[in-house]
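Reviewing the structure listed below.
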Amino acid sequence: MIDTHCHLADSQFDADLPAVLARAKEKGIDTMIIIADSVAESERCVALAAGHSELFCTIGVHPHNAKEWTGDTERRLLALSTYSKKVKAIGEIGLDYHYDFSPRDIQRQVFMHQLRFAGCEGLPVVVHCREAIQDIRDSIADIKPKKLVLHCCTERFEDVKPLLDAGYFLSFTGIATFPKAADIRETIRQCPLEQLMIETDSPYLAPVPYRGKRNEPAYVVEVAECIAQIKGLSLEEVAATTTQNAVEFFGLD
Ligand code: NI
């Protein structure tokens, strides 16, 4: 199984990353995509992935940090993507109108810029969306990225159906296990398994029964179990198909 989205370069894993990776391996998680949220973290992700055969990474600037984008940012991202074969996507990029940590017009500019950058580099994109699905859809319709996953999908099915119709992917976290997440479970029910991926978004959003604790890749099993239950499939079937989806999407060998 693959955890397609975890922030293992986060300082919350500084003290015990080897133990975290060992627990993931024990649960059959043999590959993890570690996700960046800034240029500095992109550099940490590339360095971390270089030392571990089971780790691959993204590079990119999160909408929260869009206001930090400078003339130098793209040069540094380009250097990383040229230098490291571990870089498998641009992300996480997108729009966050819930927190609005960066002005919305800057968020949109930086998002569009990175969508184009991903196109030039021939890399898929990992998209973050919070209360901004319409603008996300508009930006995507403009640039038409080749491969895209909407990560930590919390949208209603009708809002993401156009993305599925365009051949893009949805990725789900432990939020699907929360009692109040009926809308998300309905989206999962309707999303074809062939366009679905699983992730933890560690260290955030630990699934039931670990809710409230630090999340880690081993818990992606709970996400897969939840999806199996919703879709009336076996855990093995969900694991096999979502793994195959991730291998193809991120171009893993
Ligand atoms: Ni994330």
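Data table
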quantity	calculated
Computed accessible area, residue 74, all protein chains, 1.4 angstrom probe, square angstrom	60
Size of electric dipole in the chain: Cβ of Lys, Arg +1 and of Asp, Glu -1, about Cα centre, debye, nearest 20	120
Value at 222 nm in deg cm²/dmol, rounded to 500, when DSSP H runs of n ≥ 4 in the chain each add -39,500 (n - 2.57)	-13500 deg cm²/dmol
Carbon plus sulfur fraction of accessible area for segment 117-253, probe 1.4 Å, in percent	50
Sequence-separation-based contact order of the chain, relative, with Cα cut under 8 Å and 6+ spacing, percent	19
Per-residue SASA entry for residue 175, accessible area with 1.4 Å probe, Å² rounded to 10	30
Normalised convex hull volume, the chain, alpha-carbon set, Å³ per residue	115
Accessible area expressed per residue, segment 189-253, with surrounding protein chains retained (probe 1.4 Å, Å²)	43
Cross-link pairs beyond the 27 Å C-alpha cut-off, checked among 147/213; 88/144; 25/88; 86/213; 27/213; 161/231	147/213; 86/213
Gaussian network model of the chain, Cα within-10 Å springs - most flexible of 52, 128, 62	52
Ranked order, 147, 213 - accessible area, probe 1.4 Å, largest first	213, 147
For segment 73-156, the spread of Cα positions along each principal axis, largest first, Å	36, 24, 22
For residue 61, solvent-accessible area (1.4 Å; no DNA, RNA or ligand), Å²	10
Unit Cα scatterers, Debye sum, segment 105-247: log10 I(q)/I(0) for q = 0.10, 0.12, 0.16 Å⁻¹	-0.34, -0.48, -0.85
Cα-centred dipole magnitude for segment 140-253, charges only on beta-carbon of K, R (+1) and D, E (-1), debye, nearest 20	280
Cα-based convex hull volume of segment 1-147 per residue, rounded to whole Å³	113
Mean separation of Cα contacts under 8 Å, 6 or more apart, over the residue count of segment 102-171: relative contact order %	31
Pairwise centroid distance, computed over Cα atoms, of segment 1-27 with segment 77-119, Å	23
For segment 159-227: Kirkwood Rh in Å [reciprocal of mean 1/r, alpha carbons]	12.3
Accessible heavy-atom area order of 1, 197, highest first, probe of 1.4 Å	1, 197
Segment 63-150, relative contact order in percent, only Cα pairs under 8 angstrom and at least six apart counted	34
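The values are calculated or read from the model by the stated rules, or taken from the named source; none is laboratory data. Computed from a predicted structure; not experimentally measured. Neighbour counts are summed over all protein chains in view; Cβ atoms, including those assigned to glycine, are modelled from backbone coordinates with ideal geometry. Surface accessibility is based on the protein's heavy atoms, side chains included, excluding ligands, DNA and RNA. Shrake-Rupley method; radii C 1.70, N 1.55, O 1.52, S 1.80 Å.
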